[in-house]
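See below for the structure under consideration.
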Amino acid sequence: SKSQDLEARFMLGYSYFNLKKLAEPLDQFNLVKGTESSFSPASNYYAVYIELSSGQYENALRDLQRIDKQSSYATVVPYLIAQCNYKLGRDDELLSYAQSVSQQSGLQNAEEIKLLVSETYFRKKEYVKAIEGYNAFLGAKTSLDRGVLFRAGYANFSVDKTKEAIEFLKKSAS
């Protein structure tokens, strides 16, 4: 039956996915994800990871939008959507979307969404807004990314917060 065929294709794709053979499962997931099958949401979800790993952000975003209201994926999808918008340079979409999910409870990677928002404001040269996010993000971290520290320093320097800029820049250089 068609239902059994879709289940078999999903299972084959999932098996390839677990073996880290990423070209083969995407074909299987693509055949299942647009159907009414009970395996369609999971096919979209696994396809997203393959698409992200190969830079297919448009495809990943489309697949994420198919499952963003599914309760099984509701806490993980927002970060992935934000990441796709960031990679695609869709700054306004990212900022709007991040605002719309900011109060969602149980959100996975909520801090990383805030960092993407800060990086987006930095990219838009809205340094005051970027600084707010960087301060919140960096204050909660024990292990700090040098690039983020540098951009936080640059943003502070750009709005004449020299003391703060020096602190961030020193940390980025050490």
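The values are calculated or read from the model by the stated rules, or taken from the named source; none is laboratory data. The shown structure was predicted, so the numbers you read here are calculated from the model rather than taken from an experiment. With ideal geometry, Cβ positions are generated from the backbone for all residues, glycine too; neighbour counts draw on all protein chains shown. Note: accessible area is taken over every heavy atom of the protein model, side chains too, but ligands, DNA and RNA are not part of it. Shrake-Rupley method; radii C 1.70, N 1.55, O 1.52, S 1.80 Å.
Judged by the gyration tensor of its Cα atoms, with axes a ≥ b ≥ c, segment 71-174 is prolate; a/c meets the 1.5 cut and a/b is the larger of a/b and b/c.
Contact order for segment 1-129, expressed relative to its length and based on alpha carbon pairs under 8 Å spaced 6+ residues apart, stands at 15 percent.
Counting only alpha carbon atoms, the long axis of helix 57-67 and the longest principal axis of the chain meet at about 70°. Label-to-label distance for Ala8 and Thr75 is 3.6 nm, based on points extended 7 Å past Cα in the beta-carbon direction. Using only the Cα atoms of segment 9-156, each taken as one equal point scatterer with no solvent, compute I(q) by the Debye sum, divide by I(0), and report log10 of the ratio at q = 0.15, 0.17, 0.18 Å⁻¹. Each listed q corresponds, in turn, to -0.80, -0.95, -1.01.
Kirkwood radius and radius of gyration were both taken over the C-alpha atoms of segment 134-174, and their ratio Rg/Rh is 0.94. Annotation: lysines with alpha-carbon distance below 25 angstrom to Lys2 (same-chain offsets under eight excluded): Lys33. Only helical runs count toward this figure. For the chain, summing -39,500 (n - 2.57) over DSSP H runs of n ≥ 4 and dividing by all residues gives -23000 deg cm²/dmol at 222 nm. Ordered from largest to smallest accessible area (heavy atoms of protein chains, 1.4 Å probe), the residues Arg146, Arg123, Arg90 come out as Arg146, Arg123, Arg90. Can you give me the Cα centroid spacing of segment 111-156 and segment 37-53 in angstrom? Here the two parts' Cα centres lie 31 Å apart.
If R₀ is 30 angstrom, what is the calculated FRET efficiency for the pair Arg146 and Leu19, using the beta carbon separation as r and rounding to 0.05?
Plugging the Cβ-Cβ distance into 1/(1 + (r/R0)^6) gives 0.30.
Net charge dipole, segment 22-174: roughly 540 debye, given to the nearest 20, about the Cα centre with Cβ charges of +1 for Lys and Arg and -1 for Asp and Glu. Spacing of the modelled spin labels on Ser174 and Asp160, each 7 Å from Cα toward Cβ, amounts to 2.9 nm. If you sort the three axes of the alpha carbon gyration tensor as a ≥ b ≥ c, you get a/c of 1.5 or more for segment 1-80 and a/b no higher than b/c, which makes it oblate. Computed with a 1.4 Å probe on the full set of protein chains, the accessible area for Lys114 sits at about 110 Å². So which of Lys87/Lys171; Lys141/Lys171; Lys114/Lys163; Lys124/Lys170 end up more than 22 Å apart by C-alpha? With Cα atoms farther than 22 Å apart: Lys87/Lys171; Lys114/Lys163; Lys124/Lys170.
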